[in-house]
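A short write-up of the structure that comes next.
None of the figures in this text is laboratory data; all of them are computed from the coordinates on show. Note that the coordinates shown come from a computational prediction; the quantities given were computed from them, not determined experimentally. Cβ coordinates were reconstructed from backbone atoms using ideal geometry, including for glycine residues, and neighbour counts include every protein chain displayed.
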Amino acid sequence: MSDWRPRLIVSDMDGTLLRPDETVSEATVVELERWRADGVPVVLATGRPPRWMHDIRKVLRFGTAVCCNGAVIIDLERFEVLDQELLSPGTLRTISTELRRRQPDTWFAVEYGQQFRHEPTYKPRWDVDAPGVAEAGLEEMVTAPAAKLLARHELLSPDEFVAIVDDVIGGLATVTHSSSDALAEISAPGVTKASGLAKVAAGHGIGPEDVVVFGDMPNDIAAFEWVRAGGGRAVAMASAHPDLMAVATDVTGSNDEDGVAAFLAAL
């Protein structure tokens, strides 16, 4: 595959495209601009909601973003929603009720895309006082469709808690995680970064064999498997989670070493 070149570039954000200080290096921006000028679309695939995409939009100014682990697809230039698949209120209510029955110390938050609500006992790690963020009771939070249901446990390990959540929800939804905390990210059935990317790629008339995807955490596994099965390149960062490393086709430098730009430049 020495002469292989992608027709679509996909990158995760945190721990991948973004440096530890949450900025994008000038070298990375230049490299992405070079590919874009050559007609290759650039897509971001992230667990972040649309409301967290304003800063990256100022830097890249273009492209498509698959947000909320595949639930919401937005056009970065126009900053408008192109597609979304949401959890229904009934599913939100069923999952949260059963999880709390199984693990009473589970606390919930709901990501709507532009708004975020969390129980008073749920402890947000980021944007605590940001616009659109507010406390709410669980009954209030599950009355409207949501992009993600977040379940947090302060005592269990991440792998232990996510396994419990996965067992509870069965086929009702999709669960993944991208944090060092015991934080489960729950989306509508079948919704993953792979499902969102497949839609974007199809819109460009591109299959997985012509896609390169970069990532570092378990919420990138579905995208890696989709690309790898189709003959594309699934590139893990040097500091990636072991579960993601296991399904990667390639490894590049860390996000602190501009690993994305280095791999693309080598192509």
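Being surrounded by fewer than 20 Cβ atoms within 10 Å (Cβ to Cβ), among the polar types (S, T, N, Q) and not in a helix (DSSP H, G or I) is a condition met by no residue of the range 45-53. Of all the listed residues (Ala202, Ala184, Ala188, Ala147), the sole one being under 23 Å from Ala45 (Cα atoms) and out of contact with any strand residue (DSSP E or B) (no Cβ under 7 Å at 6 or more places or on another chain) is Ala202. Quick one: would you say Val72 is surrounded by fewer than 16 Cβ atoms within 10 Å (Cβ to Cβ), touching a helix residue (DSSP H, G or I) at 6+ places or on another chain (Cβ under 9 Å), of a type in the set (A, V, I, L, M) and on the phi < 0 side of the Ramachandran plot? Taking the combined requirement at face value, the residue does not satisfy it. Against the criterion of being in contact with a Pro (Cβ under 8 Å, 6 or more places away or on another chain), aliphatic (A, V, I, L, M) and not in a strand (DSSP E or B), Val30 does not qualify.
May I ask you to verify whether Val191 is part of a loop (DSSP other than H, G, I, E, B) and either touching an Asp or Glu at 6+ places or on another chain (Cβ under 6 Å) or of a type outside the set (Ser, Thr, Tyr) (or both)?
Working: part of a loop (DSSP other than H, G, I, E, B): yes; either touching an Asp or Glu at 6+ places or on another chain (Cβ under 6 Å) or of a type outside the set (Ser, Thr, Tyr) (or both): yes.
Spelling it out, Val191 is indeed part of a loop (DSSP other than H, G, I, E, B) and either touching an Asp or Glu at 6+ places or on another chain (Cβ under 6 Å) or of a type outside the set (Ser, Thr, Tyr) (or both).
When the residues of the range 92-126 are narrowed to those that are among the β-branched types (Val, Ile, Thr) and free of Cβ contacts under 8 Å to residues at least 24 places away in the same chain, which ends up farthest from Val168 (Cα to Cα)? Steps first, please.
So in the range 92-126, the residues among the β-branched types (Val, Ile, Thr) come out as 94-95, 97, 106, 110, 121.
Remaining after also requiring free of Cβ contacts under 8 Å to residues at least 24 places away in the same chain: 97, 121.
Values: Thr97: 10, Thr121: 21 Å.
It comes out as Thr121.
Every test in (1) touching a residue at least 24 places away in the same chain (Cβ under 8 Å); (2) within 24 Å of Leu183 (Cβ to Cβ) is passed by Asp21 save one, and that test is (1).
Specify which of the listed residues (Glu185, Glu257, Glu160) is on the phi < 0 side of the Ramachandran plot and surrounded by fewer than 15 Cβ atoms within 10 Å (Cβ to Cβ).
Only one candidate qualifies: Glu160.
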